[in-house]
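Presented below is the structure to which this report refers.
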Amino acid sequence: MAFNVKRIDPLDLQPRKAIGVSLPFSGKGVFNSTFTSKDAIKTNLINLLLTGNGERYLNPFLGTGLRSYLFENITEDTLRRAKADITNTINVYFPRVEILELQITSEPDTNTFITYLRYRVTESDIQDEIIINIEQ
């Protein structure tokens, strides 16, 4: 007889203990805390996607450089390179995150990138999605 075991992150066992900082920074004391690993992972992924290469002190390879694509001609090759950058960066810095769907669409007239990422965390039941609009 087979059954699925629900795995719970040890950080989620203490519900009143904050484990991260959420975005945007607009709380009463500047920072809003995250109390679940699902929220912390989502916030960290958003931070990773919005960080440019060379922006992080002492870690110049962290980030996707997604904003730098705004100033290039938006072609299929540009979208393919952006998707490859995102995939490679997530695989390096978040090895437990499995990308289920990654779509990057553009609106050349307004110079806008729309990034849709649906992911799941391996060995847990965490699934979520992120939508980021980057405009000039």
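Every read-out reported here was derived from the displayed coordinates using simple, explicitly stated rules and does not represent laboratory data. These numbers come from a predicted model, not from an experiment. All Cβ positions, glycine included, derive from the backbone under ideal geometry; neighbour counts span all protein chains shown.
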(request) Quote the charge dipole size of the chain about the Cα centre in Debye, to the nearest 20; the model charges only the Cβ of Lys and Arg (+1) and of Asp and Glu (-1). (result) 640 debye
(request) Taking the chain as the reference, fit the longest principal axis to its C-alpha atoms, fit the long axis of helix 76-93 to the helix C-alpha atoms, and give the angle between the two in degrees, 0 to 90, nearest 10. (result) 30 degrees
(request) Starting from the amide H of Ile74, placed 1.01 Å from N in the peptide plane, find each other amide H under 5 Å away whose residue is 5 or more places distant or on another chain. (result) none
(message) Over the chain, what is the relative contact order in percent, taking alpha-carbon pairs closer than 8 angstrom and at least six residues apart?
(response) 16 percent
(request) Starting from the amide H of Thr34, placed 1.01 Å from N in the peptide plane, find each other amide H under 5 Å away whose residue is 5 or more places distant or on another chain. (result) Ile19, Gly20, Val21, Ser22
(message) If I model a spin label as a point 7 Å beyond the Cα along the Cα-Cβ vector, how far apart are those points for Ile114 and Arg56 in nm?
(response) 2.9 nm
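Once you have the Cα-Cα distance between Arg16 and Tyr93, take 0.36 nm times their residue separation minus that, and quote the gain in nm to one decimal.
Details: separation 77, 0.36 × 77 = 27.72 nm, distance 2.72 nm.
Stretched fully, the Arg16-Tyr93 segment lengthens by 25.0 nm.
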(request) Compute the acute angle (0 to 90°) between the alpha-carbon long axis of helix 37-50 and the principal axis of greatest extent of the alpha-carbon atoms of the chain; round to the nearest 10°. (result) 20 degrees
(request) First measure r as the distance between the Cβ atoms of Ala84 and Leu23, then evaluate 1/(1 + (r/R0)^6) with R0 = 30 Å and state the FRET efficiency to the nearest 0.05. (result) 0.75
(request) May I ask you to compute the full-extension gain from Asp125 to Asn73, defined as 0.36 nm times their residue separation minus their alpha-carbon distance, rounded to one decimal in nm? (result) 14.8 nm
(request) Enumerate the whole-percent occupancy of each 10 Å bin, from 0 to the last occupied one, for all C-alpha pair distances of the chain. (result) 11, 36, 33, 15, 4, 0
(message) Using +1 at the C-beta of Lys and Arg and -1 at the C-beta of Asp and Glu, which of Tyr57, Ile86, Pro15 has the Cα lying farthest in the positive direction of the dipole of the range 11-135?
(response) Pro15
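Treat the count of other C-beta atoms within 10 Å as a stand-in for reagent exposure and order Glu76, Glu107 from fewest to most. Walk me through the numbers before you get to the answer.
On the way: Glu76 8, Glu107 12.
Neighbour counts put them in this order, fewest first: Glu76, Glu107.
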